[in-house]
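*Asks:* My questions will all concern the structure given below.
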């Protein structure tokens with residue numbers, strides 16, 4: 001009798017810890033005032049948007065972005081299973097384990113030969129992503145910067 005009770009309590013404890021971890025470690029939605037060409041994130045911690053300026057024109061940035069998205073592979077943030085170029089950037093579907101996440105990127109021409117890259121990654125299901133979308137976006141932005149250096 002004690003063993004099933006302990007097993008049940010242990011299971012509840014693990015579920016509670018996962019819920020708390022999801023809230024603490026999940027990707028945070030956009031900060032107020034974040035303006036960009038991509039849709040805003042909802043209030044749940046399973047979406048992340050960021051932008052970064054680069055000292056190159058839009059075409060060079062688009063080439064680096066495409067390569068970075070296609071070559072990203074990580075046990076945590078997954079890999080692209082479908083990449084679709086758009087007029088201003090691209091859309092991609094990433095698979096991380098059994099989960100599918102949608103990534104959108106848009107490039108805006110800036111001043112003095114600069115371009116601004118906007119990236120949004122959002123989970124299709126669940127309320128939390130344990131920070132996977134934030135990690136994916138930051139890795140993509142860093143990889144693009146390395147390719148352009």
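*Asks:* Taking a virtual spin label 7 Å from the Cα of residue 125 along the C-beta vector, which residues in the range 101-115 bring their backbone nitrogen under 19 Å of it?
*Replies:* 101-103
*Asks:* Sort the following peptides by mean Cβ neighbour count (other Cβ atoms within 10 Å, averaged over residues), highest first: 88-94, 45-51.
*Replies:* Highest mean packing first, the order is 45-51, 88-94.
*Asks:* Could I have the simple spin-label model distance between residue 147 and residue 93, label points 7 Å from Cα toward Cβ, reported in nm to one decimal?
*Replies:* 2.2
*Asks:* Would any residue of the range 92-112 have its amide N under 16 Å from a label point 7 Å out along Cα→Cβ of residue 34? List them or say none.
*Replies:* 102-107
*Asks:* Right, something else. Order these peptides, 120-133, 98-111, 73-86, by their mean beta-carbon neighbour count within 10 angstrom, highest first.
*Replies:* 120-133, 98-111, 73-86
Bear in mind these aren't lab numbers, they're just calculated from the coordinates by the rules spelled out. What you see is a predicted model, and the numbers here were worked out from it, not measured in a lab. Here the Cβ is made from the backbone with ideal geometry for all residues, glycine too, and neighbour counts use every protein chain on show.
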